[in-house]
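Since the structure comes first, as C-alpha cells, the remarks are kept for the end.
Laboratory data are not the source of any read-out in this text; all were calculated from the coordinates shown. Fair warning: this is a prediction, and the values are worked out from it, not measured in the lab. Counting neighbours? That spans all protein chains shown, and the Cβs are built from the backbone with ideal geometry, glycine included.
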Amino acid sequence: MPTHYEGSGTERLALDAYIKLMRSTASVNAQLFPPLQAEFGITPSQLGVLEALSHLGPMPHCVLAGKLLVSASNLTTVLDNLERDGLVKRERDTADRRVSITSLTPEGVARLASFFPAHVRRLVQAMSELDPDEQVELGRLCRKLGRSAAVPTAAGDTHSVRSTRA
C-alpha cells in the first residue's frame with residue numbers, strides 16, 4: 001500500500017519505498033521467527049548474538065552491540081539470558097578489565113547447529129519469490145542503503161553505520 005502523504009514527489013517516493021521495505025521485512029520475519037521461538041526457544045535477538053559469535057568469534061560486548069546495531073544496555077539482557085542457558089560466556093579481558101569478552105560455549109555451538117539448518121531452509125523458502133539475480137540485487141541495495149544511513153549518537157552528532165557493521 002503506497003503512502004497517502006501529500007508531500008513532495010521525493011518524500012512520497014521515499015516513504016513508499018520505506019513502507020515496502022518494512023512490510024517485506026515483517027513478512028519474512030513472520031515466517032522465520034515464530035518456528036524458531038516455538039521449536040527452540042530462541043528469540044531473534046538471541047539468534048543474532050549466536051550467529052555473530054559463531055561467524056566472527058569472541059568479541060567485546062560493545063563491539064557485539066555495534067555488529068547487531070543495538071545498544072549495549074539492550075544487549076545485556078539478551079546476553080544474561082543466553083549465559084543463564086549456558087549458550088555464551090562472558091569473561092573479563094585480561095588487557096582491560098573494564099571490557100567483557102563474549103564467546104559461545106560448546107553448548108551454544110551445539111544449540112546453534114541444532115536449529116540453524118532448519119532456519120536457513122525457511123529463509124531460502126521465504127526468499128524464493130526472488131530469483132538469484134534479484135536476491136543479489138536486493139542485497140546490494142540493502143547494503144548501499146545501510147551504509148549511507150547515519151545513526152545519531154547520545155551526544156547528538158552522527159556516525160555512519162559503516163563504522164560498526166561491515
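The table below gives the values:
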item: Efficiency of FRET between Asp133 and Glu83 - r from beta-carbon atoms, R0 25 angstrom, step 0.05; result: 0.05
item: Stretchable slack from Val109 to Arg92, in nm (0.36 nm times residue separation minus alpha-carbon distance); result: 4.0 nm
item: Value at 222 nm in deg cm²/dmol, rounded to 500, when DSSP H runs of n ≥ 4 in the chain each add -39,500 (n - 2.57); result: -21500 deg cm²/dmol
item: Sequence-distant residues sharing a close amide H with Ile101 (under 5 Å, placed H); result: Glu91, Arg92, Asp93
item: Degrees between helix 106-127 axis and first principal axis of the chain (Cα, 0 to 90, nearest 10); result: 10
item: Cα-based helix-to-principal-axis angle, 132-148 vs the chain, degrees rounded to 10; result: 80
item: Karplus 3J(HN,Hα) series, Hz, for the stretch 18-32 with 6.51 cos²θ - 1.76 cosθ + 1.60 (x for Gly, Pro); result: 5, 4, 5, 4, 5, 5, 5, 4, 4, 5, 5, 4, 5, 7, 7
item: In sequence order, calculated HN-Hα J values of the stretch 56-67 (Karplus, 6.51, -1.76, 1.60; Hz; x Gly/Pro); result: 10, x, x, 7, x, 3, 5, 5, 4, 4, x, 4
item: 3J(HN,Hα) from dihedral phi, the stretch 74-91, Karplus parametrisation 6.51/-1.76/1.60, rounded to Hz, x for glycine, proline; result: 5, 5, 4, 5, 4, 5, 4, 5, 5, 5, 4, 7, x, 8, 9, 9, 10, 9
item: Partner lysines for Lys20 [C-alpha distance under 23 Å; skip if fewer than 8 residues away on the same chain]; result: Lys144
item: Dipole magnitude of the stretch 42-145 about its Cα centre (Cβ charges: Lys, Arg +1; Asp, Glu -1), debye to nearest 20; result: 340
item: Other-chain or far-sequence residues with amide H under 5 Å of Thr3's (modelled H); result: Asp16
item: Where labels lie 7 Å past Cα in the beta-carbon direction, separation of Ala38 and Leu13 in nm; result: 4.2
